[in-house]
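First comes the structure, then the notes that go with it.
The values are calculated or read from the model by the stated rules, or taken from the named source; none is laboratory data. A quick note: this is a predicted structure, and the numbers were derived from the prediction, not measured. No Cβ is skipped: glycine too gets one built from the backbone with ideal geometry, and neighbour counts run over all protein chains shown. Each accessible area value is taken on the protein alone, full model and side chains, heavy atoms only, with ligands, DNA and RNA left out. Shrake-Rupley method; radii C 1.70, N 1.55, O 1.52, S 1.80 Å.
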Amino acid sequence: MNVYNRYAPFIQDYIYRSGWQMLRGVQNAAGEAIFGTDDNVLLTASTASGKTEAAFFPILTLLDEDPPKSVGVLYIAPLKALINDQFGRLSELCEETGIPVTRWHGDVPQSQKRRLLRKPSGILQITPESLESLMINKHMDIPSLFGDLRFIVIDEIHSLLRGYRGMQTFCLIERLCKLAGCNPRRIGLSATIGEPEAAGRFLAAGSGRRTVIPGFDGGKEIWRLSMEHFYNTAPQADEGKHTAPETPVMEMPTDKAPTAADPGIGYIFEHTRGKKCLVFTNSREECEAVCQSLRQYCEANHEPDRFLIHHGNLSASYRESAEEEMKDDDSLMSVCATATLELGIDIGRLERAFQIDAPFTVSGFLQRMGRTGRRGDPSEMWFVMREDHPEPRAMLPEMIPWYLIQGIALVQLYIEERFVEPPRTGRLPYSLLYHQTMSTLASCGEMTPGELASRVLPLSCFHRISQEDYRILLRHLLEIDHISRTENGGLIVGLVGERIVNNYKFYAVFRENIEYSVRCGSEELGTIVKPPPVGDKIAIAGRVWLVDEVDHKKREVYCTLVKGNIPAYFGDVAGDIHTRILERMYCVLNEQKNYPYLLKHAVCRLQDARDTFQKSGIKNHPLVHLGGNMWALFPWLGSYAFLALERFLKIRCAKRLRLKGLNPSRPYYMQFTMKVGEEEFYRITAEEAAKDFDPQELVYPKEVPVFEKYDEYVPDELVRKGFALGVLDIDGMKQRVLSWSNNRKNTE
């Protein structure tokens, strides 16, 4: 097929005006798949490869040839910023054709939304949360809005493959299609897909169509990549050491630094001067702190402020100001950002991205790297890994620079294997089941229990949930007045449920950043975002505290001061780190390979870590004796398998091992005291792992592990079941425990 000749004349004119010499590989492949089949299509190509045009050129051609009688294309994107960016590009493309493009999210004026409701046509761009709102509040308009819907385009689909928000999106798509009586094709777009076939099945679920994944030559990826390490105080890792001549060297900045300045921040300050850059952090708190420090550098050096900030808790005006500044090619401002600028918004000629510490995922690394390198330049990222000097009496695990090793592992996994995290399946999403039940009742009105079940349970993401589980949920919701029974025996939203459903926060299934006050007696220590379970420890106010009680209604955590030292993860699972990353971290420490992107401090710090790894025996012993009854365990497991192992040791093995004081640094290592030897540890844990036990035994007595936003409204027994069978990776944990015993036998 000659794809260019198949395009509508206005598309050909647009290509000519844009000065394109030829179509790219992704555009030819997408054209053949969309024009030549009636299937769903998953387009995976590098950032700035032209995926949006690749999808929309043939879609708009088909709409132009046979105009739909309603909205023809529903474009779903995870961020308002991405919708705003694509709105401009699509509006220009559709200008001459009379195909309207409408945005629909919280920052869009009501007048534009009313115009679409009066005359549904063209392309509708929307976030999952605004689509939820539309389904509830404009339920009667859905058939006229989408009755002749031809395509659903899901941008940055990788961001929806591993969490509740993605499952919510596909629930909404299935509900919308059933209500409107349409059967649109689905087009997924992403630069970072792991296991494309699994992602294709995820995209197709409930559609009755198969998914085509076009192959094409995407050309050679060229990166400019560096990774440097800094101790937060002198001396640095290479001080007094000889650095190999071939090792790349970048000198430290000589600018005047604020008092007690962080050398890693100083390095970023120096190398953003005269350039437009993004500085990525892994949390809102760190983003704020880094931006403040960089502005202090400006002040100390009598320079104008050249740093902006962008994260999800800022107002729309602040975010959009930063986005506009980034799009200005003449601007030399840099932006400190979280994942909110990780996805596909075109931010112009961005020269360089910095990443402070390691992101949690290969996907996140690739997306952040992909913010640069547009308009013909190579992608460029500078990693800045920071840590404090270990205390003189620090124990072995604290001698390893975990973020540095994790950063190397992420890069190597992609370079060597093209590994990207696969879709996360196998969940028991009871929190989402509550949400979609309430949403369905709020939009449809009174329904019998059977009618409600027939609307909700067949949705693809609930395939593991039984009718009995659903009965338990509905009975509980009746008891707590989230739903009520009418005189006719039907179900409606109850008085308590109305207060929840009628709040705009209901539309989102991800947790808002609700802060909990941390208290010890009458003393307030500060705030954390997510509280850990009772019995865990948190680091705050420079000390370690044992959690005695968590009051979710008052948003308060009560603690007791204890001795010890733990990283400040605040009880949360540290991101969603895949087991393959931890396994590659082991290899980084075990191999003597040089990585050309490491700079001089990082080269020396890695060598120190490798020496520690070899001399301590971690290489051959996942369990390492620290002296006395103290041990450290290095399981090399991802977040959810690590969490399962932690509970397995405490609940199933502690008595036989005489194990106490288990202190995790998720997902890298755990320390504990134990009164048996190494061989007994492997034997006992293998015996327990080989037993056929109920996964729910790994939930502590009386614990209700509220993990998702609406878990607090779900019956305790379902919360426990969902956590044990849908969150904890028990199979991955068991395989690792059994491998320790098998490896010992094989080496004897």
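Observations on the structure shown:
- Packing here is the average count of other Cβ atoms within 10 Å per residue, and on that basis the peptides 227-237, 586-596, highest first, run 227-237, 586-596.
- The accessible area of SER522, taken with all protein chains in place and a 1.4 Å probe, comes to roughly 120 Å².
- Counting charges near GLY426 (Lys, Arg +1; Asp, Glu -1) among other residues having Cβ under 12 Å from its Cβ returns a value of +2.
- Using C-alpha pairs under 8 Å with a sequence gap of at least 6, the mean separation divided by the residue count of the chain gives a relative contact order of 12 percent.
- Chain lengthening between GLN614 and SER111 when straightened (0.36 nm per residue, less Cα-Cα): 174.4 nm
- Compactness of the stretch 352-394 was expressed as the Cα radius of gyration divided by 2.2 N^0.38 Å, which yields 1.58.
- Nearest-10 value in Å² for the accessible area of CYS461, using the 1.4 Å probe: 30
- Here the chain carries DSSP beta bridges of which approximately 40% are antiparallel, counting only pairs with both residues inside.
- Full-extension gain in nm, ALA205 to ASN183, via 0.36 nm per residue minus C-alpha separation: 6.7 nm
- Seen from every direction in turn and averaged, the convex hull around the alpha carbons of the chain projects onto 34.8 nm².
- Among 661-674, 57-70, the order from most to least packed when residues are scored by Cβ within 10 Å on average: 661-674, 57-70
- Across every pair of non-identical alpha carbons in the stretch 3-162, the mean reciprocal distance, once inverted, gives a Kirkwood radius of 16.3 Å.
- Size-normalised alpha-carbon gyration radius of the stretch 435-508, reference 2.2 N^0.38 Å: 1.05
- Calculated FRET efficiency for the pair ASP481/LYS119, C-beta based, R₀ 60 Å, to 0.05: 0.90
- Relative packing of 273-279, 466-472, which averages over residues the other C-beta atoms within 10 Å, highest first: 273-279, 466-472
- Label sites at SER283 and SER454, each approximated as a point 7 angstrom past Cα along Cα to Cβ, lie 4.9 nm apart.
- Placed amide H near SER379: partners under 5 Å, 5+ positions off or other chain: ILE222, ARG224
- Residues of the stretch 691-705 with amide N under 18 Å of the 7 Å Cα→Cβ point at ARG471: none
- Take every Cα pair under 8 Å whose residues are at least 6 apart in sequence, average their separation, divide by the length of the stretch 595-707, and the relative contact order is 21 percent.
- Across the cross-link table entries LYS615/LYS691; LYS138/LYS721; LYS113/LYS327, which are compared at the Cα atoms, the separations over 30 Å belong to LYS615/LYS691; LYS138/LYS721.
- Each residue, LYS327 and MET630, gets one label point 7 Å from its Cα in the Cβ direction; the gap between the two is 5.6 nm.
- Under 5 Å, built H, 5+ apart or other chain: amide partners of VAL212: ASN40, VAL41, LEU42
- Summed side-chain charge close to GLY494 - residues other than GLY494 whose Cβ falls under 15 Å, Lys, Arg +1, Asp, Glu -1: -2
- Built amide H within the under 5 Å cut-off of LEU308, gap 5+: SER334, VAL335, CYS336
- The listed residues LYS553, LYS691 rank as LYS553, LYS691 when sorted by accessible area, largest first, using a 1.4 Å probe.
- Relative contact order (%) - the stretch 645-699, alpha-carbon pairs under 8 angstrom, separation at least six: 37
- Vicinal HN-Hα couplings computed from phi for the stretch 143-154 (Karplus, 6.51 cos²θ - 1.76 cosθ + 1.60; Hz; Gly/Pro x): x, 6, 5, 10, x, 10, 5, 9, 9, 10, 9, 10
- Euclidean distance of C-alpha centroids, the stretch 632-681 and the stretch 690-748, integer Å: 14
- Sequence of THR97, THR281 when ordered by accessible area, the most exposed leading, probe 1.4 angstrom: THR97, THR281
- Two-decimal log10 I(q)/I(0) for the stretch 87-154, as the Debye equation yields it once each C-alpha is a single scatterer, q = 0.14, 0.18 Å⁻¹: -0.42, -0.71
- If R0 is 41 Å, the Cβ-Cβ spacing of GLU697 and TYR595 corresponds to a FRET efficiency of close to 0.45.
- Calculated from backbone phi, Karplus (6.51, -1.76, 1.60) coupling profile of the stretch 637-654 in Hz, x at Gly/Pro: 10, x, 3, 7, 6, 4, 4, 5, 5, 4, 6, 4, 5, 5, 9, 8, 10, 4
- Solvent exposure of GLU95, expressed as accessible area, is near 140 Å², computed with a probe of 1.4 Å over the protein chains only.
- Average accessible area per residue (Å²) across the chain - probe 1.4 Å, nucleic acids and ligands excluded: 42
- Karplus (6.51, -1.76, 1.60) ³J(HN,Hα), θ = phi - 60°, over the stretch 452-469, in Hz, Gly and Pro reported as x: 4, 4, 6, 7, 9, 4, x, 4, 4, 6, 9, 5, 8, 9, 7, 4, 5, 4
- Cα→Cβ-extended label distance, 7 Å offset, between TYR4 and LEU738, nm: 5.8
- Helix-only CD estimate at 222 nm, as mean residue ellipticity for the chain, using -39500 (n - 2.57) per DSSP H run (n ≥ 4): -12000 deg cm²/dmol
- Gained length - GLU270 relative to HIS302, 0.36 nm times residue gap less alpha-carbon distance: 10.1 nm
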